[in-house]
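A short write-up of the structure that comes next.
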Amino acid sequence: MATMRLDKLLCDLGLGSRREVRDWIRAGRVALDGAVLRSPEQKLDPEAGVLALDGKALRYQANHYFMMDKPVGVITATEDPGQKTVLDLLPPELRRLGLFPVGRLDKDTSGLLILTDDGDFAHRVTAPKSGVEKRYLAEVEGVPDAGDVNAFAEGLILGDGTRCLPAGLELLGGDRCIVTVQEGKYHQVKRMLASRGKPVRMLRRLSIGALELDETLGPGGFREMDQQELCTVFLDRKPKTQA
Ligand code: URA
């Protein structure tokens, strides 16, 4: 692995601010394989040995991945002068990691949101050619029907001429349905349903690829994901033929 500055490395671990970690290093609290390191500028390979703070071994992680149940009323951004963002829901040590949301949910949409500091991963999830499916539970005005299912399957053309790829619409009875899309156009699900005369009253993202929202998190809850879980993002929930 490439070398990096010791103070940056400790910051990336979410341990403290750049100023705090510099103080700890200068105070002799940081060691590599038992040898005290006193220079914050020193470059080292985080995988070259066991790094420790106050004698406690630290596990270096190049990137971080969190799942959040985004609540309604919070915007999908890293910072905003007036509104609460999804990053504001994290404790300070996680805010220091440089996380950002993968894709976007509207302020009044809830559900599965991934936060990461891995730009390549985020791009792979959101790039239209990746074809990663996103599933949404919707409550609408009116009752979606078989005509809507067919129109979604054929690929809708919205009022402004925007062409949508074929999408899934599963009827749950009454005003509830599940929409599955492979793209992430602006307000896409709301616009698709509105174009069928079924404006959305409630929207919640349930899954991205085969990664399902952990419903035990509760609104605003989050947890770290492991690599195995992460890979499910690029898998289909069901074989395509059954979708
Ligand atoms: N489609 C929408 O219309 N809104 C969202 O938040 C996500 C998908």
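The values are calculated or read from the model by the stated rules, or taken from the named source; none is laboratory data. Note that the structure is predicted; figures quoted are calculated from it, not measured. Counting neighbours? That spans all protein chains shown, and the Cβs are built from the backbone with ideal geometry, glycine included. We work out accessible area using only protein heavy atoms, side chains counted, and drop any ligands, DNA or RNA first. Shrake-Rupley method; radii C 1.70, N 1.55, O 1.52, S 1.80 Å.
Okay, here's what the table says:
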read-out: Accessible surface, per residue, of the chain when the full set of protein chains is kept, probe 1.4 Å, Å²; value: 51
read-out: Cα-centre dipole for the stretch 65-232 with unit charges at Cβ (Lys and Arg positive, Asp and Glu negative), debye to 20; value: 440
read-out: Where Ser207, Ser39 fall by accessible area, highest first, once all protein chains stay in place (1.4 Å); value: Ser39, Ser207
read-out: Candidate residues Glu170, Glu133: accessible-area rank, largest first, probe 1.4 Å; value: Glu170, Glu133
read-out: Carbon/sulfur fraction of accessible area - the stretch 4-57, other protein chains in place, 1.4 Å, %; value: 48
read-out: Where labels lie 7 Å past Cα in the beta-carbon direction, separation of Arg38 and Glu141 in nm; value: 7.2
read-out: Net charge of neighbours whose Cβ lies under 12 Å from the Cβ of Leu105, counting Lys and Arg as +1 and Asp and Glu as -1; value: +4
read-out: Accessible surface of the stretch 123-240, 1.4 Å probe, proportion on carbon and sulfur as whole %; value: 53
read-out: FRET efficiency for Arg124 and Asp226, using Cβ-Cβ distance with R0 set to 22 Å, rounded to 0.05; value: 0.80
read-out: J(HN,Hα) series, the stretch 19-29, from Karplus relation 6.51 cos²θ - 1.76 cosθ + 1.60, nearest Hz, glycine and proline x; value: 5, 4, 5, 4, 4, 5, 5, 5, 7, x, 8
read-out: Mean-position separation - Cα centroids, the stretch 67-146 and the stretch 153-229, in angstrom; value: 12
read-out: Solvent-accessible surface (1.4 angstrom probe) belonging to Ser130, in square angstrom, nearest 10; value: 50
read-out: The chain, helix-only ellipticity at 222 nm - DSSP H runs n ≥ 4, -39,500 (n - 2.57), divided by all residues, nearest 500; value: -5000 deg cm²/dmol
